Ligand code: GDP
Ligand code: MG
Ligand code: K
């Protein structure tokens, strides 16, 4: 079993990696960049953990960040472990929603719960787990609190994903997603929905992957038409990528309303 560890920068990824793994294999650098690729063996020996560079989005801003999308496109991954900073949930959940769109089994390590608690942020992890449709395990990666439980959940939870759609992107975008889905029938093992949404956000790695499968001008025409529809429809939307961001943000606000309480301090 191979599990990929993914999260925003500074969420405690390295701390968590060290707490979850015992022995440690260096595999050198990720191809094309000078980012170290680390793979560790879980303390209970039931599988390997692959450390990915910290990113805010799957749509890369740099070659280093491109490692994540390349990995998603090329390497078979059994499951994703998404680490979240509990004190920065609103920002962190943008990546989570993109990961869930990838439609592979996932689970969440909710880190920095000590920081969140100090700031009066109370997270209902059961509720969050129920809404997202994946296990959520609270941890403090710096001290190791909750890490044994996380390893246990990783090794016992199922490798079958129940795909839950969190974001409805509106008729125009959903129609375009379906059009790409039809073009991709029988051509890819990846989620056509994930590919389409990443394409619309401007993810060049996904665009290049898709241009081997679908005629490039078809993709271009679809994107251009879609972009003009969403820009005309929404006053404050500047681009297709921005529209997708805004739609996710609306969903994140609802998720937080249902699962987080801010205490007066
Ligand atoms: P990365 O950038 O995602 O790899 O994060 P690091 O593991 O390097 O952690 C970033 C900083 O947060 C370090 O100073 C850690 O000691 C600290 N840190 C990590 N996990 C926790 C936690 O659960 N609680 C607190 N208070 N600090 C943490
Ligand atoms: Mg790190
Ligand atoms: K506009």
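Where a number appears in this text, it was derived from the coordinates with a stated rule and is not lab data. All values derive from a computational prediction rather than experimental measurement. Quick reminder, even Gly has a Cβ in these numbers, built from the backbone with ideal geometry, and neighbours come from all protein chains shown.
Please express the shape of the range 121-265 as an equivalent ellipsoid: the semi-axes are the square roots of 5 times the eigenvalues of the C-alpha gyration tensor, given largest first in whole angstrom.
On the way: eigenvalues 238, 94, 31 Å².
In descending order, the three semi-axes are 35, 22, 13 Å.
Assuming 1.002 mPa s and 20 °C, estimate D for the range 83-127 with Stokes-Einstein, Rh taken as the Kirkwood radius over Cα pairs, in µm²/s. Spell out each step's value before the answer.
Details: Rh = 11.2 Å.
For these conditions, the coefficient is 191 µm²/s.
Which angle from 0 to 90°, rounded to the nearest 10, does the C-alpha axis of helix 240-259 make with the longest principal axis of the chain?
Once rounded, the angle reads 40 degrees.
How big is the chain along each principal axis, measuring the range of its Cα positions in Å and listing the largest first?
So the extents along the principal axes, rounded to whole Å, are 52, 47, 32.
Given the range 69-206 reduced to its alpha-carbon atoms as identical point scatterers, what log10 I(q)/I(0) does the Debye formula return at q = 0.12, 0.17 Å⁻¹?
So the normalised log intensities work out to -0.55, -0.99.
Hey, how many Å between the Cα centroid of the range 124-160 and the Cα centroid of the range 209-265?
Using only Cα atoms, the two centres lie 28 Å from each other.
Only Cα pairs under 8 Å and at least 6 apart count here; give the relative contact order of the chain as a rounded whole percent.
Numbers: 428 pairs, mean separation 50.8, N = 265.
About 19 percent, as a whole number.
To make sure I understand, if each residue's beta carbon is the centre and we count other beta carbons within 10 Å, what order do 162, 38 fall in, fewest to most?
Details: 162 9, 38 19.
Placing the least packed residue first, the sequence is 162, 38.
Rounded to the nearest 10 degrees, what's the angle between the helix 63-74 long axis and the longest principal axis of the chain, both from Cα atoms, 0 to 90?
In the chain, helix 63-74 runs at an angle near 80 degrees to the longest axis.
Compute the relative contact order of the range 165-265 as a whole-number percentage, counting only Cα pairs closer than 8 Å that sit 6 or more residues apart in sequence.
Details: 57 pairs, mean separation 29.9, N = 101.
Relative contact order comes out at 30 percent.
Report relative contact order for the range 1-74 in percent, whole number only (criteria: Cα-Cα under 8 Å, sequence separation at least 6).
Details: 125 pairs, mean separation 24.3, N = 74.
33 percent.
Expressed as an acute angle from 0 to 90° and rounded to the nearest 10, what is the orientation of the C-alpha long axis of helix 171-184 relative to the principal long axis of the chain?
90 degrees
Cut-off 10 angstrom, C-alpha nodes, Gaussian network model of the chain. Which of 150, 49, 213 fluctuates the most?
Looking only at 150, 49, 213, the largest GNM fluctuation is found for 213.
Test of understanding: in a Gaussian network model of the chain with alpha carbons linked when under 10 Å, which of 82, 232, 111 would top the mean-square fluctuation ranking?
232
When the Cα atoms of the range 150-206 are enclosed in a convex hull and the volume is divided per residue, what value in Å³ results? Each step should come with its number before you reach the end.
Details: hull volume 7.6 nm³, N = 57.
Hull volume over Cα atoms, normalised by residue count, gives 133 Å³.
Taking just the alpha carbons, could you work out the radius of gyration and Dmax for the range 33-133, both in angstroms?
When restricted to the Cα atoms of the range 33-133, Rg and Dmax are 14.7, 42 Å.
Going by how many other Cβ atoms sit within 10 Å of their own, how do 1, 112 line up, fewest first?
Numbers: 1 12, 112 27.
Fewest to most other Cβ atoms nearby, the residues stand as 1, 112.
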